[in-house]
Structure formats: C-alpha cells, structure tokens
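One structure is given here, and the rest of the page talks about it.
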Amino acid sequence: METLRLVLLFVHILGFAALLGGLLVQLRSEPKVVNSLMRDGSGTAFLAGLLLVGVLESLGSPDHAKIGVKFAVGLVILVLVMVNMRKPSIPQGLYFGLLTLTVANIAVAVFWSPTHA
Ligand code: HEM
C-alpha cells in the first residue's frame with residue numbers, strides 16, 4: 001500500500017506541476033487562455049488526490065479538515081478550468097485567481113502539518 005501511495009503522490013505532483021507550468025508559461029503573454037497543460041494537470045492532480053485520500057484512509061486516519069480544504073480548492077480549480085477551456089481567452093482576474101488557488105493548495109499541503117495530540 002505504501003508503494004501505491006508513493007506512485008499516486010508522484011502522479012499527483014506531476015499533475016499540479018503541469019497545471020502550475022501551464023499557468024506560469026503565460027505569465028507575461030497575452031491573451032491568457034486555458035491551455036492543455038492546465039486542463040490535463042488539474043484533472044490528473046484532482047483524480048490522483050482523491051485516490052490518495054482512499055489510500056491514506058486505509059493506512060490510518062488522515063487529517064480530514066486539511067483534505068477537505070484541498071478537495072474544495074481542487075474542485076474550484078477543476079471546474080473553472082473545464083468551463084473555460086474552449087474560450088479564445090480568459091480574463092486577467094480568472095488567470096490570477098487560478099494561479100493563486102494553485103499556489104494556495106501547495107501551501108496547504110506543505111505547511112498545514114497534522115495536529116499532534
Ligand atoms: C491544484 C490542486 C492541488 C495541489 C497544488 C496539491 C498539492 C499537493 C502537494 C504539494 C502535496 C505533497 C505534500 C507533502 O507530501 O507534504 C500533496 C499531497 C496530497 N494531496 Fe494534494 N494538491 C492538490 C489537489 C488535491 C486534491 C483535490 C486532493 C483530494 C481531494 C488532494 C489530496 C492530497 C493528499 C491526500 C496528499 C497527501 C499524500 C500523502 O502524504 O501521501 N490534493 N498535494
């Protein structure tokens with residue numbers, strides 16, 4: 001099960017790295033769009049994240065509050081990406097919103113340490 005967790009975490013990290021890369025590559029270019037890196041990355045990160053929750057549940061009791069926040073942020077990112085992926089351009093506000101949510105989920109994952117009894 002530990003090997004499965006590590007493989008899913010590997011895929012999870014590749015997923016949101018693609019999402020972040022798809023955002024950062026167009027930081028100084030116009031128009032802003034939802035590109036294939038953002039589409040495939042957000043989908044991969046979300047699916048691997050859900051599967052990771054399942055593995056962590058079987059390995060013990062994960063921090064449900066932390067996972068709840070990550071799930072909610074991940075879902076908002078996924079929906080915004082999927083709704084806007086066929087548009088010729090997206091507003092600056094949406095672009096920086098997606099970038100902020102992605103960086104926020106990385107921060108939650110890294111800095112939200114489990115509460116010690
Ligand atoms: C864009 C969205 C996301 C980003 C940027 C992100 C980022 C990260 C990062 C950086 C880690 C590694 C943290 C560490 O090992 O200390 C991680 C792990 C994890 N993520 Fe995400 N995540 C995202 C979405 C999700 C979603 C939607 C879920 C589930 C509902 C999720 C569930 C998890 C779980 C359970 C782990 C822990 C894995 C483990 O320790 O075995 N993530 N995520």
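The values are calculated or read from the model by the stated rules, or taken from the named source; none is laboratory data. Values in this document were obtained by computation on a predicted structure and should not be read as measured data. A quick note on method: Cβ atoms are made from the backbone with ideal geometry, for glycine too, and the neighbour counts reach across all protein chains shown. Surface accessibility is based on the protein's heavy atoms, side chains included, excluding ligands, DNA and RNA. Shrake-Rupley method; radii C 1.70, N 1.55, O 1.52, S 1.80 Å.
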* Asked: By accessible area of protein heavy atoms, probe 1.4 Å, what ranking do Thr102, Thr44, Thr3 get, highest first?
  -> Thr3, Thr44, Thr102
* Asked: Taking the Cβ of Ala109 as the center, what net charge do the other residues with Cβ under 13 Å away carry, scoring Lys and Arg +1 and Asp and Glu -1?
  -> +1
* Asked: Expressed as a whole percentage, what fraction of the accessible surface of the chain belongs to carbon and sulfur atoms when a 1.4 Å probe is rolled over the protein heavy atoms?
  -> 73
* To do: For Ser113 paired with Ser29, estimate the spin-label separation in nm (one decimal), with each label point 7 Å from Cα along the Cα-to-Cβ line.
  => 4.0
* To do: Grab the DSSP H runs of the chain that are 4 residues or longer, score each as -39,500 (n - 2.57), total them, divide by all residues and round the 222 nm result to the nearest 500 deg cm²/dmol.
  => -26000 deg cm²/dmol
* Any idea of the accessible area per residue across the chain, 1.4 Å probe, to the nearest Å²? -> 59
* Asked: Cα centroid distance between region 75-117 and region 31-74, in Å?
  -> 11
* Structure fact -> Against the 2.2 N^0.38 Å rule of thumb, the C-alpha Rg of the chain sits at a ratio of 1.11
* In terms of the Cα gyration tensor, with a ≥ b ≥ c the square roots of its eigenvalues, is region 46-86 rounded because a/c is under 1.5, prolate because a/b exceeds b/c, or oblate? -> oblate
* Charge-dipole axis of the chain as Lys and Arg at +1 and Asp and Glu at -1 on Cβ define it, positive-most pick from His64, Phe96, Leu75 -> Phe96
